[in-house]
Structures are given as structure tokens and as C-alpha cells.
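Heads up: the structure comes next, in C-alpha cells.
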Amino acid sequence: MTALLALQDLSVHRGSRPVVDHVSLRVGPGECVGLIGPNGAGKTSLLRAALGLLAHQGQSNIADLPAHARARQAAWMPQSREIAWGIDVEAVIALGRTPWLPRGGRLRPEDRAAVDRAIRRMKLESFRHRPANHLSGGEQARVLIARALAQETPLLMADEPIAGLDPAAQITTMEVFGRIAAEGKAVVVSLHDLGLAARHCTRLVMLDRGRAVADGAPGAVLTPERLEEVFALRAFYSRSADGPIFQPLESLR
Ligand SMILES: Nc1ncnc2c1ncn2[C@@H]1O[C@H](COP(=O)(O)OP(=O)(O)OP(=O)(O)O)[C@@H](O)[C@H]1O
């Protein structure tokens, strides 16, 4: 498999403690990978180390690239999503084109087309000319997802991108991720909503105390035993004509 993300024995230490512990992972075109795990499992640390934003041991093909090449290979949506500046939504999204712009930094027709595609995908047409800092938290999150989409990189990595979105926007966003994966790109996204992860990801990687303890199709990863052991959770999981249905039922903590 041609890997768009290739991690080999990636570890991150906080003090003497490993918070990412020898994780190896290859993600190829067509995959939408959900990174799941309880609070503190190491999801953010893994994503940031993979991108070269956090000191680590082991190998990441993205972290190894020079900064300019990295920005053309991987788009990143971090967990923090406040937009502080009163510039138009369209201008924020156009920042995603920065790695592709020629010297001088002017948007070319192909850059404007990429911005338009991202705006359409995230259904932001009516927000286009509004100051981004006047939008609600969930609306700002959608703008930042659109900025990452406008980058049109082979790999998209996002840290809890659907947190704080309303249910319809969560589904729209997961469908967008599924579609861009189906177009031959790769998506790696950390998620707390296991139901949406089960429905929309082609593959789940479960982290527990920094270690990847399961990796595979959602139905094979979300077993009752692992949910109990890793998430301290009892849940209902079933396949239906509408796809997999997952509902957390009881905390076992
Ligand atoms: N700056 C820091 N200094 C020390 N420890 C940290 C720091 N940032 C994170 N950690 C620790 O690293 C571990 C992994 O944190 P990380 O943010 O990667 O987890 P996560 O799976 O993304 O959690 P969440 O679901 O809560 O966002 C946690 O135990 C956390 O306390």
C-alpha cells in the first residue's frame, strides 16, 4: 500500500512517562481513519507528533518533510478553534491555499476554485462575507474545517473536528471526510463520538494509555470487551439497513 501517513514506532514522552508508546501506523489513499480513545489516551499527542509539531522518537513520513513540503502534503485542524480576527470567512478559508501560492501570494483562479469547493462542501455560502469572529463556536469550527479542505492535500488530519457541531453539521462533516477519502485522499481524525466513528470511518485505531490496542474495521474494533476495558463503557452496537448503530448505555467507572 502507498502510505500517505507512515508512522514507525512513534513515541512521545511527557516527563519520563510515554503518552504515545511505540505506535506504528500506515494509512493509504481511500482510508478515513478514526482515532479513538478515552481522555488522555494520547490522540492529540500522536497527531501532533506525526505532523512534526511535537518532539518525538521514532519515524513519521510527514514530520520528516521540510515545512513547505509538509504543508503541501498534510492539512491540519487543531483542537482549538477560536478565530480571533475580524476578517471575512472567505479570507480565512483562503489561508488554506498559502502553501500553494506563487511568490507574491496572490490567489490564482485555481486557488479561488479550491476555496469555492471548500465553502460548498461545508455549506458555508451564506457566511462567506461575514467577519469570522462574529460566528458561533460551531460555525467557526466549520470555517476551520473548510480552511483545511481548501488546502487540498493528499492527507487531512483533524483533532476532534466535530466537537461542538450540531448533529446535522457533524454528519455533513463526516460525510465530507468520507467523500474526500473515497476520492483517493486519506483522512485521520480523532473522535469521541463512537457512533459517528462507526458509521463514517473505514477503519478505527483505538488508543489506550498511548498504545494502539486495536486497529481495523469499526465492527471488529468496538467489541464489548474493549469498550469495557479501555472506555469503561457498556454500549449497544448493531448493524441495520441504515448502517451500524452504536449507543453508549452505561459507564462502568
Ligand atoms: N503539555 C503537557 N505536559 C504534560 N503532560 C501533558 C501535556 N499535554 C498532554 N499531556 C498528557 O499527555 C497525555 C495524553 O494527552 P493527549 O492530549 O494527547 O490525550 P487525548 O487522547 O488527545 O485526550 P482528550 O481526549 O482529552 O483530548 C495525558 O495524560 C496528558 O495529561
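The values are calculated or read from the model by the stated rules, or taken from the named source; none is laboratory data. Since we're looking at a predicted model, the values are computed, not measured. Quick reminder, even Gly has a Cβ in these numbers, built from the backbone with ideal geometry, and neighbours come from all protein chains shown.
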Search segment 59-79 for residues being in contact with an Asp or Glu (Cβ under 9 Å, 6 or more places away or on another chain) and assigned to a loop (DSSP other than H, G, I, E, B), and hand back the single one that is farthest from Leu7 (Cα to Cα). Gln79
Filtering segment 1-27 for residues that are hydroxyl-bearing (Ser, Thr, Tyr), modelled with pLDDT of 95 or more and away from the ligand (no atom under 15 Å from the Cβ) leaves a count of 1
By residue number, the members of segment 139-155 that are in a loop (DSSP other than H, G, I, E, B) and either among the hydroxyl-bearing types (Ser, Thr, Tyr) or out of contact with any Leu (no Cβ under 7 Å at 6 or more places or on another chain) (or both) are Gln151, Glu152, Thr153
Unique residue being crowded, with 18+ Cβ neighbours inside 10 Å, modelled with pLDDT of 95 or more and either more than 14 Å from the chain's Cα centre (by Cα) or of a type in the set (Gly, Ala, Ser) (or both) when the list is Leu191, Leu207, Leu196: Leu207
Being out of contact with any strand residue (DSSP E or B) (no Cβ under 7 Å at 6 or more places or on another chain), modelled with pLDDT under 95, in a helix (DSSP H, G or I) and acidic (Asp, Glu), is that true of even one residue in segment 125-138? no
Got a sec? Which of Gly30, Gly86 is under 24 Å from Glu183 (Cα atoms), assigned to a loop (DSSP other than H, G, I, E, B) and either within 16 Å of the ligand (Cβ to nearest atom) or of a type outside the set (Phe, Trp, Tyr) (or both)? Gly30
Among Ala158, Ala169, Ala197, the single one that is part of a helix (DSSP H, G or I), in contact with a helix residue (DSSP H, G or I) (Cβ under 7 Å, 6 or more places away or on another chain) and within 16 Å of the ligand (Cβ to nearest atom) is Ala197
Among the residues that make up segment 210-219, is at least one of them of a type in the set (D, E, K, R), within 16 Å of the ligand (Cβ to nearest atom) and in a loop (DSSP other than H, G, I, E, B)? no
Segment 22-32, residues that are surrounded by fewer than 20 Cβ atoms within 10 Å (Cβ to Cβ) and over 17 Å from the mean Cα position of the chain (by Cα): His22, Ser24
Which one is farthest from the ligand (Cβ to nearest atom) among residues in segment 33-57 that are more than 21 Å from Thr173 (Cβ to Cβ) and of a type in the set (S, T, N, Q)? Gln57
Pick from segment 238-253 the residues that are touching a helix residue (DSSP H, G or I) at 6+ places or on another chain (Cβ under 8 Å) and under 23 Å from Lys43 (Cα atoms): which of them is surrounded by the most Cβ atoms within 10 Å (Cβ to Cβ)? Phe246
Mind checking which pairs have a first residue in segment 31-49 that is more than 14 Å from Met206 (Cβ to Cβ) and a second that is within 8 Å of the ligand (Cβ to nearest atom) and of a type in the set (Lys, Arg), Cβ under 8 Å, 6 or more apart or different chains? Ser45/Arg14
Would you say Ala63 is modelled with pLDDT under 95 and more than 8 Å from the ligand (Cβ to nearest atom)? no
